[in-house]
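> Okay, handing you the structure first.
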Amino acid sequence: MKPSHRTLTAPDGFSLIELLCVLALMLILTVMMFGFGSASRQRSQKKLCGDNLQKIFVSLQLYANDFQGALPLNTNAVTSEEVLDALVPVYAADTAIFICPGGRDSEIASGESLRRHKISYAYFMGRRLDAPPAVLLSDRQVDTQPKRAGEFIFSANGKSPGNNHHQYGGNFLLGDGSVQASPAKLAAPLAAAPGVVLLNPKP
């Protein structure tokens, strides 16, 4: 009778290397799905951004009520901070509304002057609230030139400028208080109007 031989087999389960590989893949997928530049995160951030713009609209309404329908105007301004600073602190004590939650701009202490900081929104200076509704504010744009349909108004690749929402477009605040989301490329032209100047925030 031949002696029996035992066969050694590897234990069931994952090895340490396999476990680490799985964890690394899960981490990569999580970052892709929910990280700063992910589409799903920026969709939710655009909604919060729209809420900010509507709060700014309330401040603009209060300002316009005191100035016969006129909105903040500063003919020497080169950035939106210089003009919208007229809202703080009388019409907008909560300066957090001037920072897009989808971007990486630093928070501003409540009631502090916007001139000393960088905000997230571009401003169409020269419009009035008692005129037909037009775009009043938007997320930071790639530049301040008029745009034709099909041109990029927000970042095409997630890099600055115009990347409040990475490469997923941005929002427009209209003169009736509504907010319209837009992809990075314009669906309709955004032409310059007489007496209206587009001011981006500080770079």
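The values are calculated or read from the model by the stated rules, or taken from the named source; none is laboratory data. Just so you know, these numbers come straight off a predicted model, no measurement behind them. Here the Cβ positions follow ideal geometry from the backbone for every residue, glycine too, while neighbour counts run over all protein chains shown.
> Working only within the stretch 160-189, note down all residues that are of a type outside the set (A, V, I, L, M, F, W, C), surrounded by 15 or more Cβ atoms within 10 Å (Cβ to Cβ), outside any loop (DSSP other than H, G, I, E, B) and out of contact with any Leu (no Cβ under 7 Å at 6 or more places or on another chain).
Gly170, Ser182
> So the check is Cβ under 6 Å with 6+ separation or different chains; which pairs have a first residue in the stretch 52-65 that's over 10 Å from Tyr91 (Cα atoms) and among the polar types (S, T, N, Q) and a second one that's part of a helix (DSSP H, G or I) and at pLDDT 95 or above?
From residues that are over 10 Å from Tyr91 (Cα atoms) and among the polar types (S, T, N, Q), the pairs are Asn52/Ile97.
> Quick check: anything in the stretch 58-68 modelled with pLDDT of 90 or more, part of a loop (DSSP other than H, G, I, E, B) and closer than 30 Å to Ser155 by Cβ?
No, the conditions are met nowhere in the stretch 58-68.
> Test Thr9 against the criterion of being out of contact with any Leu (no Cβ under 8 Å at 6 or more places or on another chain), at pLDDT below 95, surrounded by fewer than 12 Cβ atoms within 10 Å (Cβ to Cβ) and over 24 Å from Gln145 (Cα atoms), and give yes or no.
In short, yes.
> If Gly69 meets every condition in (1) touching a residue at least 24 places away in the same chain (Cβ under 8 Å); (2) crowded, with 19+ Cβ neighbours inside 10 Å apart from one, which number is that one?
(2)
> Also, quick follow-up: Scanning the stretch 72-89 for residues that are part of a loop (DSSP other than H, G, I, E, B) and without any contact (Cβ under 8 Å) to a residue 24 or more places away in the chain, which turns out surrounded by the most Cβ atoms within 10 Å (Cβ to Cβ)?
It comes out as Pro89.
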